[in-house]
1. Of everything in the range 43-60 that's hydrophobic (A, V, I, L, M, F, W, C) and within 17 Å of the chain's Cα centre (by Cα), which residue is nearest to ARG312 (Cα to Cα)?
2. Exactly one condition in (1) within 14 Å of the ligand (Cβ to nearest atom); (2) of a type in the set (Gly, Ala, Ser); (3) more than 22 Å from ALA261 (Cβ to Cβ) is false for ALA223; which is it?
3. Being of a type outside the set (Val, Ile, Thr), over 17 Å from VAL141 (Cβ atoms), assigned to a loop (DSSP other than H, G, I, E, B) and touching a helix residue (DSSP H, G or I) at 6+ places or on another chain (Cβ under 9 Å) is the filter here, so list the residues in the range 201-241 that pass it.
4. I'd like the full set of residues that are surrounded by fewer than 19 Cβ atoms within 10 Å (Cβ to Cβ) and in a loop (DSSP other than H, G, I, E, B), limited to the range 167-176.
5. Of all residues in the range 62-74, which are surrounded by 12 or more Cβ atoms within 10 Å (Cβ to Cβ) and under 26 Å from PRO251 (Cα atoms)?
6. Considering only residues that are within 16 Å of the ligand (Cβ to nearest atom), touching a residue at least 40 places away in the same chain (Cβ under 8 Å) and either of a type in the set (D, E, K, R) or loosely packed, with under 15 Cβ neighbours inside 10 Å (or both), which ones fall in the range 110-165?
7. From PRO182, PRO164, which residue is assigned to a helix (DSSP H, G or I) and of a type outside the set (A, V, I, L, M, F, W, C)?
8. If we scan the range 86-95, do we find a residue that is in contact with a Cys (Cβ under 6 Å, 6 or more places away or on another chain), outside any helix (DSSP H, G or I), surrounded by 14 or more Cβ atoms within 10 Å (Cβ to Cβ) and assigned by TED's automatic domain parsing to the domain that holds HIS260?
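The values are calculated or read from the model by the stated rules, or taken from the named source; none is laboratory data. It should be emphasised that the depicted structure is a prediction, and the values quoted were computed from it without experimental measurement. Don't worry about glycine lacking a Cβ; one is built from the backbone with ideal geometry, like all the others, and counts go over all protein chains shown.
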Amino acid sequence: MTASLLSEDHARALDAADPLPTLRGEFRVPKHGADEQAYFVGNSLGLQPRKARAYVEEVLDKWALEGVEGHFRGHAQWVSYHALVREALARTVGAQPEEVVAMNSLTANLHLMMVSFYRPTAERPAILIEAGAFPSDRYAVESQIRFHGFDPARDLIEVEADEPNGTISMAALERAIAEHGPRLALVLWPGVQYRTGQAFDLAQIARLAHAQGALCGFDLAHAVGNLDLALHDSGADFAVWCHYKYMNAGPGAVAGCFVHARHAHTDRPRFAGWWGHDPETRFRMGPNFAPTPGADGWQLSNPPILAIAPLRASLELFDRAGMAALRAKSLRLTGFLETVIRAHLADTLEIVTPAEPERRGAQLSIRVIGGRERGRALFEYLCTHGVLGDWREPDVIRISPAPLYNTHLDIVRFARAVLAWREGA
Ligand SMILES: *Cc1c(COP(=O)(O)O)cnc(C)c1O
């Protein structure tokens, strides 16, 4: 078994026998010489679905042939274009169709959601996030606290890691929420933490926040298209995510947003725009804002059609595989990567991401033993040998087998490249 773990034939056999056949052929995989790359960076920019080009060209052609009339003509008319992705998006994140919308970018959506769901008072001004949060999230949260006249030094609460590899136990999170409970306006938490790859139990976090009278939002940038989410049942008040990571909708793709059905008719404050206005009366161009019920009511502008088009192609593939089957395959692939590292690379690589499958998604964050210089050397060797991961200072390589297109063979190519480097180093 141990010898065969690194055999390419064995990997090919595992791929051929996998209950969910790979959809790699539906993607454009960048080349390394005559071969395809072993591309493990779907957590950063997912690969291009082959059909994305056809959907983009359809928009370009419609524009060329119909001009302004493209807004109101034919099946993929632009006035309702964002609704073409609604059902599939809802299935992918486990929400009701009215709870999701594709709009704007992630950080913009986070701000829009906080306008409605972060309503600080003197008694309850605080936001709780994880220490070491993605910078954009931290900037957004800090600037919102200041915007309302509060002080981030006091009212931005950051939960420190309490586990040896920099991950956060549910017990530590529970203690922090209980300790600060009466002062908490909002708990904003990642579905999967971008640096460590740790996945969290969203329903439990929402329960803990609500029990203290706080609202709860999730940043699912690294969770959507990765975990088999049940957003509606999680009870979260809102969630935001981007579509260029595991969702494969391309650089600068339109982002996603979830607003729980219980807020569908809310009279909370919001920043409004004409595309959030009830479509029945939008084009009467009246002066008074009447929001569309549900997540659509937070839209500002007419949507970026060219940025939504590739998402249609990607969502078709998620629907074809099914999120539950994809997650099951992801557990097999990431489990295989872990097994290979532990069996053959343990003197070089140390896994930071939790070992329990339910506490991680596709990504393993892997520390290179021996420090930054050694880590950089290995990382660059991998890149020049067609194995793409990404680098996080000071000494971590993130490897994310994406179950739509990565294979056991990719993982064996990664392991063999590390071994070759070690022998040469
Ligand atoms: C990728 C990512 C972002 C990026 O934000 P954009 O607004 O899409 O540029 C923000 N937050 C998290 C947690 C991310 O993983």
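1. From the range 43-60, those hydrophobic (A, V, I, L, M, F, W, C) are 45, 47, 52, 54, 56, 59-60; that's our starting set.
Among the residues that remain, those that are also within 17 Å of the chain's Cα centre (by Cα) are: 45, 47.
Numbers: LEU45: 16, LEU47: 14 Å.
Result: LEU47.
2. Against the list (1) within 14 Å of the ligand (Cβ to nearest atom); (2) of a type in the set (Gly, Ala, Ser); (3) more than 22 Å from ALA261 (Cβ to Cβ), ALA223 comes up short only on (3).
3. ASP201, GLN212, GLY213, ALA223, GLY225, ASN226, LEU227, ASP228, LEU229, ALA230, GLY235
4. Taking the range 167-176 as the starting set, the residues that turn out to be surrounded by fewer than 19 Cβ atoms within 10 Å (Cβ to Cβ) are 169-172, 174-175.
Listed by number, the list holds a single entry, SER169.
5. LYS62, TRP63, GLY70, HIS71
6. Once the filter is applied, which keeps residues that are within 16 Å of the ligand (Cβ to nearest atom), touching a residue at least 40 places away in the same chain (Cβ under 8 Å) and either of a type in the set (D, E, K, R) or loosely packed, with under 15 Cβ neighbours inside 10 Å (or both), the range 110-165 yields GLU130, ASP137.
7. Result: PRO182 is the single residue among PRO182, PRO164 that is assigned to a helix (DSSP H, G or I) and of a type outside the set (A, V, I, L, M, F, W, C).
8. Step one: filter the range 86-95 for residues in contact with a Cys (Cβ under 6 Å, 6 or more places away or on another chain), giving none.
No, that holds for no residue.
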